[in-house]
Structure formats: C-alpha cells, structure tokens
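Participant: One structure coming up, written as structure tokens, with questions to follow.
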Amino acid sequence: MKILVCISNVPDTTTKIAFTPDGKALNKTGVQFIINPYDEWYALVRALELKEASGAGAVTLIHVGPAENDAIIRKGLAIGADDAVRIDADPADAYFVAEQVAAYAKDKAYDLILTGKETIETNSSLVGGMLAEMLNLPFVSLASKLDVAGNVATVENDVDGGTAVLEVQLPAVISCQKGMAEARIPNMRGIMAARTKPLAVVAVTNPSILTSVESFTPAEGRKAVKMIDPNNMDELVSLLHNEAKVI
Amino acid sequence: MSVLVFTESSKGKIRKSSLEAVNYAANIASMIGGTVTAVIDGATDAGILGDLGKAGAKKVLTVSDDKLKNGNPRGWAMTLDQVAKAENSTVVVFSHDLMGRAIAPRLSARMKAGVVAGAVENPVMNGTKLTVRKTVFSGKATAVYAIHSDKKIITLLPNSFPVKLGDGTAEISAFKADLSSLEMKVTVKEIKADSNTTVALPEADLVVSAGRGMKDPKNWGIIEDLANALGAATACSRPIADMNWRPHHEHVGQTGITVRPNLYIAIGISGAIQHLAGVSGSKTIVVINTDKEAPFFKAADYGVIGDAFEVVPRLTEAVKKFKAAHH
Ligand SMILES: Cc1cc2nc3c(=O)[nH]c(=O)nc-3n(C[C@H](O)[C@H](O)[C@H](O)COP(=O)(O)OP(=O)(O)OC[C@H]3O[C@@H](n4cnc5c(N)ncnc54)[C@H](O)[C@@H]3O)c2cc1C
Ligand SMILES: Nc1ncnc2c1ncn2[C@@H]1O[C@H](COP(=O)(O)O)[C@@H](O)[C@H]1O
C-alpha cells in the first residue's frame, strides 16, 4: 500500500501568538514549530499502522514549505515514514498547497492520500477536499476511523447528528481527526534512521495565488472577571439575564 | 448577478447555520448589487422554504437527484458549479459546518475560486478585491484575508451573527442538475445517531462543559440537569473524551470542536491554553472551580470559586426558578 501523508508546520499548541509590528506575519521569535497535531497523531500514525498491517508498501510525507521547515519533516521520518518530499515554496493558502501536492501526486499511484482535519494555524479544513477534486478522487472529510481491505476503505466520519459508516473505493483522499490512532513517540532508533532517509526537494510549478493575508490581529482579552458568591447562584442567573443578556 | 448560498434543513427546520449564511449572503448581495439565490435539497419540506426568503433569499432552487441522497458532497459541488454558471454567480457562501467543509473545497477547485474558510465578519469590497476577517491560530487571533480571484467562496463560522428574519419572500423553483458524469465511489453503509442530539454543539447558543474536576463519569447527572434546565448542549475537555467518559464529539478545544456560544459554562476545567483555543470566541464565559488559581478565571467573565457538587445543583435550581418566573 502506497500512502501519501500531507503534513504542515505549525506553532506548538502552547505558543502565545504574536505578530510582527506591521501585523503582516507571525513573530517567530522563540516559537517552537511542530507537525500539525492532526497530521501527526492521526494521519501519519494511521498510515504507518495500515502499512504495517498490509506488510508492504511505503508511507511518504509531503510538505509544501521552505527549507527551515525540514525539522518537522525529519520528525515525521523519525516517527516512521519511509521518505519525504518538500515542495520548496512559501504557500499562500490551501489552494496553493493542494495544487502543488496534486501536481506531485497525480502520476504516482498512491492508494491513499491523508491530510489532517485542519491546521491549527489556518483552521481552514480545505486542502483535502481541494486535492480530491484536483485529482478526481473520492474524499471523506473529518474521518475518525479508517480501515482498508483490498481496494475498499471503510471510513467513519462526522455527519449532522451522528457518525456515518462509509465504503470508499480507493484511491481516495481522507482528512483525519481524533479517534483514528494513538500518538507515537519517536524512539532513538527512529531518530537516527530519520537522518539518512530520503528527503527530496521539488521546485514549485505554476502556483496560483488566489488569496493573501492583509493583516493579523491578536484576539482581544476579556475584561476583569466578576467573582460571584458560591452561595448566591440567583445573583449569577440575574447577571446572566440582565448584564450579559445571554439567558 | 446573484450570490449563491448552500442551505440545509435538519429536524424539520432550516438549519440555524444556513439562515445565518443566507443573512450573510444578503449583506454581500446588497454590497455588490445583486440578489441571493439559496440552493437546497429537493427533499426538504416545502412548508419551511419560506424561511429562506425571510432570511433574505430572493430565489430558492431545489435540487432533487438520487445521487445527492445522503448528502454527497462531490455531487453537490458539481451541482453548485452548474447553478453558479446558470445564475451568473461569482460569490458562493456556505456555513463552515460539516457539509460546508466537505463541499466548499471541492467547489473551489472546480471554479478556481479563492476561499476564506471560517469568516467572522461581513466582507468589504474594494474594486474586485474582497477582504474578510476570519479566525486563525485556533481563536488566538484573527486575520483579514483578501480574495483576488474573480470567483470567491466564503464559509461563515456558525454563531458569528444572530439570525435576522424579515418579511421577504423568495420565488421557489426546481433546478435540474446534470450529474451523469458523477462517479459514485463512496457508499453510505450506516448512520449511527448520537445519543443526545437535542442541540448540535457547534451551533448551540448555550453550552455547559465539564472536565476532570467531575472525577467520575457517574457524576455527569448534575451537568446534564443544568444543561436541561438551560436548554444547553453539553461539552467536555479532552481528557474526558480520551477516557471515554463522554462521547468524542463533545470534546472542545484546539484538537476538538470550536464553539462560540452566547454562554459557555466551564465546570471543573482548569483552562489549559489548548482548551481555551476552542472556546475563547464565546460571548460570555462562566467558570466554576475549587481552585482560585485556575487559569480559566483569567479568561472568564463570571467566576465562582466552589465545589461543583454543591454549586452546580444550586445553579440549576436558580435557573429553574428564573425560568418559572419568566414564562
Ligand atoms: C497538543 C495538545 C492539544 C490539546 N488539545 C486539547 C483540546 O482540544 N481540548 C482540551 O480540553 N484539552 C486539550 N489538551 C489538554 C490540555 O492541555 C489539558 O490537559 C486539559 O484541557 C485539562 O483538562 P481538564 O481541565 O478537564 O483537567 P485538569 O487540568 O485536571 O483540571 C481539572 C480542574 O478541575 C478543578 N476541580 C477539581 N475538583 C473540583 C470540584 N469538585 N469542583 C470544581 N472544580 C474542581 C481543578 O481545580 C482543576 O482546575 C491538549 C494538550 C496538548 C498537549
Ligand atoms: N504546507 C502544507 N504542506 C503539506 N500539507 C499541508 C500544508 N498545509 C496544510 N496541509 C495539509 O492540509 C490539511 C488541512 O489544512 P488546511 O486546509 O489549511 O486547514 C493539514 O492538516 C495538512 O494535512
């Protein structure tokens, strides 16, 4: 089984987000970058499990980003991916990423292409569906379970009011979320092996720039908290009604 | 020129998130000098389509096709592409809900449309450039995006605006989509319904959420009682879902669901940065915690230092008393 896993580079989840003085970019000083949690914990680990279960094939990582992001690619290799591809560009948006990944993947006959549910940076949830359309493949969004038997994947995903159980003909694109696998921590052997695993750098091809960020603004803080006597819940209810006007 | 909006019904009503999207599309239409065309599944009860007109649609197109049964997103993207051509639409609006997130990226690739996913404000038009604000970094910031392409797609974050219904009416007609080239490669085997789906969490106005401070899944009765008294949805912190004390779809935060209700009540949740990332867009936050140093108090509007097992039943009684007096 040949599986392509799309990984993105995001600030660690505990990062206090700050921007450059012109408000146009993230202030990267002191920021630790990680593989987007959905891509690592769910997409990559599930891909490795499926490969191990099938006893054959390969898991390839793909990342669209500059050379400074190689550290997260090496981390993915240390967790167990066989090889990696970096498309050398600073992507404008999800369309840019999907277009580059599609151009790379179109003649490589992957059985599965996995993405995360969304990046914790853009919260867009777009790349997977775009990729599927560009490659003319079926797509399942927000999958929480993925099994493969022969040419058919059984996938569970969120639908209005519950969970759908789907049968999908491969090849397919799946966006992955919680439920699919348990996080793996790379061991020493994995980290050593990752240093020599192949990481190909591919030039960008005819990128489309459909959107751009004009400015970032940190979220506003709240005004000081009002403490309520734990014996006086009538007061809390009255504040929620009269002051906050939410009930 | 019309602004297209994809809409859905649920439990015999037009979804609230769809009405929000129609309102939003109407704002865009008035800005660019056009009207709103809402597209909906032909199986929708005709008696509720009027609400789309009240929300601002001038036209409602119903689409019936066997291939669209069970909400086939690929088929809907194909359909909306055809509707956009027929209606001469350059802007398409979705709610950033489950179907919106499944269809919008496919439609973007078909139309080569720039997308802003998860918009929280009305857009601004400057010549052919449209700018709109969305949340980024899981609620820790917002960004203004510009869409440069001719065709534009915006998905609206649920609960960003209150729904406004006026006295408008829409002309209703059927649209025949050509889905003959659509390959059916995904088959729905089963839909497992959630046990308590009275209120869908991402759309809920009121949310009661609890964490490890509850100590045992058996103790959730007082959380449910409060939620029922308020008519709220229930949610939980990540460890609670990880331990299977509560279903996974209740997990809010950076790696779970993002909510932005009018009221978020956090009970026995410490307020870790990853939890706050999913709830900080809430209009009012109430925190109930035994530990006065709990970080969540810094992100709260109202705080109660106390034991959940005493405070929550008291709050439930106070809510019931209030409801009885106001109805
Ligand atoms: C990459 C990453 C992603 C993550 N994503 C998420 C996410 O999406 N969502 C999420 O929630 N977490 C997430 N986490 C976990 C997060 O860091 C916290 O560990 C988690 O939110 C803590 O859950 P909690 O508040 O329920 O438990 P705790 O931190 O253990 O807090 C329990 C609280 O209950 C209080 N308490 C105890 N007894 C009582 C009582 N009787 N009455 C009232 N209060 C009481 C305590 O004072 C304490 O503040 C993530 C972590 C990482 C590393
Ligand atoms: N720069 C990137 N390179 C490779 N994959 C990416 C990149 N950005 C996003 N992705 C993938 O697309 C998913 C969804 O991202 P988004 O649509 O931006 O929320 C992520 O979880 C990744 O799997």
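The values are calculated or read from the model by the stated rules, or taken from the named source; none is laboratory data. Just so it is clear, the structure is predicted and the values come from calculations on it, not from any experiment. All Cβ positions, glycine included, derive from the backbone under ideal geometry; neighbour counts span all protein chains shown. These accessible areas exclude ligands, DNA and RNA; they are computed on the full protein's heavy atoms, side chains included. Shrake-Rupley method; radii C 1.70, N 1.55, O 1.52, S 1.80 Å.
Participant: Have a look at A:ASN231, A:ASN206 and point out the one that is assigned to a loop (DSSP other than H, G, I, E, B), out of contact with any strand residue (DSSP E or B) (no Cβ under 9 Å at 6 or more places or on another chain) and modelled with pLDDT of 95 or more. Walk me through it before giving the result.
Facilitator: Working: A:ASN206 fails: modelled with pLDDT of 95 or more.
That would be A:ASN231, the only listed residue that is assigned to a loop (DSSP other than H, G, I, E, B), out of contact with any strand residue (DSSP E or B) (no Cβ under 9 Å at 6 or more places or on another chain) and modelled with pLDDT of 95 or more.
Participant: Could I ask something else about it? When you scan region B:290-300, do you find a residue that is of a type in the set (Gly, Ala, Ser), more than 9 Å from ligand 1 (Cβ to nearest atom) and under 24 Å from A:ILE17 (Cβ atoms), even just one?
Facilitator: Taking region B:290-300 as the starting set, the residues that turn out to be of a type in the set (Gly, Ala, Ser) are B:294, B:299-300.
Now drop any that are not more than 9 Å from ligand 1 (Cβ to nearest atom), which leaves B:299-300.
Remaining after also requiring under 24 Å from A:ILE17 (Cβ atoms): B:299-300.
The answer is yes; a qualifying residue exists.
Participant: Okay, next question. When both residues are 6+ apart or on different chains and their Cβ atoms are under 7 Å apart, which pairs have a first residue that lies in region B:99-112 and is closer than 16 Å to B:ASP41 by Cα and without any contact (Cβ under 8 Å) to a residue 40 or more places away in the chain, and a second that is part of a helix (DSSP H, G or I) and away from ligand 1 (no atom under 16 Å from the Cβ)?
Facilitator: These pairs meet every condition: B:ALA102/A:GLY129; B:ALA102/B:PRO73.
Participant: Give just the number: which of (1) out of contact with any strand residue (DSSP E or B) (no Cβ under 8 Å at 6 or more places or on another chain); (2) more than 22 Å from A:GLY129 (Cα to Cα) does B:ALA77 not satisfy?
Facilitator: (2)
Participant: Something else: Tell me the residue from B:LEU80, B:LEU19 that is open to solvent by less than 30 Å² (accessible area, probe 1.4 Å) and either farther than 25 Å from B:SER181 by Cα or among the β-branched types (Val, Ile, Thr) (or both), please.
Facilitator: Values: B:LEU80 fails: either farther than 25 Å from B:SER181 by Cα or among the β-branched types (Val, Ile, Thr) (or both).
The conditions single out B:LEU19.
Participant: What residue, of B:ARG74, B:ARG110, B:ARG101, B:ARG133, is at the interface with another protein chain (Cβ under 9 Å from one of its Cβ atoms), surrounded by fewer than 22 Cβ atoms within 10 Å (Cβ to Cβ) and either of a type in the set (Ser, Thr, Tyr) or part of a helix (DSSP H, G or I) (or both)? Before the answer, list the steps.
Facilitator: Values: B:ARG74 fails: surrounded by fewer than 22 Cβ atoms within 10 Å (Cβ to Cβ); B:ARG101 fails: surrounded by fewer than 22 Cβ atoms within 10 Å (Cβ to Cβ); B:ARG133 fails: either of a type in the set (Ser, Thr, Tyr) or part of a helix (DSSP H, G or I) (or both).
Within the list B:ARG74, B:ARG110, B:ARG101, B:ARG133, the selection yields B:ARG110.
Participant: Filter region B:169-221 down to the residues that are more than 30 Å from B:ASN72 (Cβ to Cβ) and touching a Leu at 6+ places or on another chain (Cβ under 9 Å) and list them by number.
Facilitator: Residues satisfying the conditions are B:ASP205, B:LEU206, B:VAL207, B:VAL208.
Participant: Of all residues being β-branched (Val, Ile, Thr) and open to solvent by 10 Å² or more (accessible area, probe 1.4 Å) in region A:73-113, which is farthest from ligand 2 (Cβ to nearest atom)? Just the residue, please. Spell out the reasoning first.
Facilitator: Taking region A:73-113 and keeping what is β-branched (Val, Ile, Thr), we get A:73, A:79, A:85, A:87, A:97, A:101, A:113.
If we keep only those that are open to solvent by 10 Å² or more (accessible area, probe 1.4 Å) as well, we get A:79, A:97.
On the way: A:ILE79: 15, A:VAL97: 4 Å.
By that ranking, first place goes to A:ILE79.
Participant: Among the residues in region A:61-72, are any within 19 Å of A:MET188 (Cα to Cα) and open to solvent by 40 Å² or more (accessible area, probe 1.4 Å)? So that I can check it myself, show each step before the final result.
Facilitator: Filtering region A:61-72 down to residues within 19 Å of A:MET188 (Cα to Cα) leaves A:70-72.
Adding the requirement that they be open to solvent by 40 Å² or more (accessible area, probe 1.4 Å) leaves A:70-71.
For region A:61-72, residues within 19 Å of A:MET188 (Cα to Cα) and open to solvent by 40 Å² or more (accessible area, probe 1.4 Å): present.
Participant: So if I check each of B:ILE267, B:ILE285, which one is open to solvent by less than 10 Å² (accessible area, probe 1.4 Å), away from ligand 1 (no atom under 12 Å from the Cβ) and within 25 Å of the chain's Cα centre (by Cα)? Walk me through it before giving the result.
Facilitator: On the way: B:ILE267 fails: away from ligand 1 (no atom under 12 Å from the Cβ).
Only one candidate passes the filter, namely B:ILE285.
Participant: Which residues, taken from region A:188-224, are charged (D, E, K, R) and either closer than 17 Å to A:ASP82 by Cβ or surrounded by 13 or more Cβ atoms within 10 Å (Cβ to Cβ) (or both)?
Facilitator: Kept after step one, since they are charged (D, E, K, R), are these residues of region A:188-224: A:189, A:195, A:197, A:214, A:220, A:222-223.
If the condition is that a residue be charged (D, E, K, R) and either closer than 17 Å to A:ASP82 by Cβ or surrounded by 13 or more Cβ atoms within 10 Å (Cβ to Cβ) (or both), then A:ARG189, A:ARG195, A:LYS197, A:GLU214, A:ARG222 are the ones that fit.
Participant: Which of the following residues is away from ligand 2 (no atom under 16 Å from the Cβ) and at pLDDT below 95: B:ALA200, B:ALA227?
Facilitator: Working: B:ALA227 fails: at pLDDT below 95.
Result of the check over B:ALA200, B:ALA227: B:ALA200.
Participant: Do we have any residue at all in region A:9-20 that's part of a loop (DSSP other than H, G, I, E, B), among the aliphatic types (A, V, I, L, M), surrounded by fewer than 20 Cβ atoms within 10 Å (Cβ to Cβ) and over 18 Å from the mean Cα position of the chain (by Cα)? Don't jump to the end; show me each part of the working.
Facilitator: Taking region A:9-20 and keeping what is part of a loop (DSSP other than H, G, I, E, B), we get A:12-18, A:20.
Applying the additional criterion that residues be among the aliphatic types (A, V, I, L, M) yields A:17-18.
Imposing the further condition that a residue be surrounded by fewer than 20 Cβ atoms within 10 Å (Cβ to Cβ) reduces the set to A:17-18.
Keeping just the survivors that are over 18 Å from the mean Cα position of the chain (by Cα) gives A:17-18.
Checked region A:9-20: at least one residue is part of a loop (DSSP other than H, G, I, E, B), among the aliphatic types (A, V, I, L, M), surrounded by fewer than 20 Cβ atoms within 10 Å (Cβ to Cβ) and over 18 Å from the mean Cα position of the chain (by Cα).
Participant: Regarding A:LYS16, is this residue of a type outside the set (Val, Ile, Thr), more than 26 Å from A:THR205 (Cβ to Cβ), away from chain B (no Cβ under 14 Å) and within 16 Å of ligand 1 (Cβ to nearest atom)?
Facilitator: Working: of a type outside the set (Val, Ile, Thr): yes; more than 26 Å from A:THR205 (Cβ to Cβ): yes; away from chain B (no Cβ under 14 Å): no; within 16 Å of ligand 1 (Cβ to nearest atom): yes.
The answer is no for A:LYS16.
Participant: Determine whether B:LYS54 is surrounded by fewer than 24 Cβ atoms within 10 Å (Cβ to Cβ), basic (Lys, Arg), assigned to a helix (DSSP H, G or I) and within 14 Å of chain A (Cβ to nearest Cβ).
Facilitator: On the way: surrounded by fewer than 24 Cβ atoms within 10 Å (Cβ to Cβ): yes; basic (Lys, Arg): yes; assigned to a helix (DSSP H, G or I): yes; within 14 Å of chain A (Cβ to nearest Cβ): no.
Here the answer is no, as B:LYS54 does not meet what is asked.
Participant: Mind listing whichever residues of region B:31-51 are under 21 Å from B:LEU130 (Cβ atoms) and outside any helix (DSSP H, G or I)? Give the steps one after another, and end with the answer.
Facilitator: First, the residues of region B:31-51 that are under 21 Å from B:LEU130 (Cβ atoms): B:31-39.
Matches in region B:31-51: B:GLY33, B:GLY34, B:THR35, B:VAL36, B:THR37, B:ALA38, B:VAL39.
Participant: Could you count how many residues in region A:98-136 are facing another protein chain (nearest Cβ under 8 Å) and touching a Lys or Arg at 6+ places or on another chain (Cβ under 9 Å)?
Facilitator: 11
Participant: Does B:VAL115 satisfy being open to solvent by 10 Å² or more (accessible area, probe 1.4 Å), of a type in the set (A, V, I, L, M) and at the interface with chain A (Cβ under 9 Å from one of its Cβ atoms)?
Facilitator: Working: open to solvent by 10 Å² or more (accessible area, probe 1.4 Å): yes; of a type in the set (A, V, I, L, M): yes; at the interface with chain A (Cβ under 9 Å from one of its Cβ atoms): yes.
Yes; evaluated as a whole, the condition is true for this residue.
Participant: Here's a follow-up. Of the conditions (1) more than 27 Å from B:ILE154 (Cα to Cα); (2) within 25 Å of the chain's Cα centre (by Cα); (3) among the β-branched types (Val, Ile, Thr), A:THR205 satisfies every one except a single condition; which number is it?
Facilitator: Against the list (1) more than 27 Å from B:ILE154 (Cα to Cα); (2) within 25 Å of the chain's Cα centre (by Cα); (3) among the β-branched types (Val, Ile, Thr), A:THR205 comes up short only on (1).
Participant: Identify all residues within region A:138-169 that are more than 8 Å from chain B (Cβ to nearest Cβ), over 14 Å from B:VAL188 (Cβ atoms) and open to solvent by less than 30 Å² (accessible area, probe 1.4 Å); write none if there are none.
Facilitator: If the condition is that a residue be more than 8 Å from chain B (Cβ to nearest Cβ), over 14 Å from B:VAL188 (Cβ atoms) and open to solvent by less than 30 Å² (accessible area, probe 1.4 Å), then A:LEU146 is the only one that fits.
Participant: If you take the residues of region A:30-51 that are more than 16 Å from ligand 1 (Cβ to nearest atom) and modelled with pLDDT of 95 or more, which of them is nearest to the other protein chains (Cβ to nearest Cβ)?
Facilitator: Residues of region A:30-51 that are more than 16 Å from ligand 1 (Cβ to nearest atom), as a first pass: A:30, A:46-51.
Next, only the ones that are modelled with pLDDT of 95 or more stay: A:46-51.
Numbers: A:ARG46: 15, A:ALA47: 18, A:LEU48: 19, A:GLU49: 18, A:LEU50: 18, A:LYS51: 22 Å.
Only one residue fits best here, namely A:ARG46.
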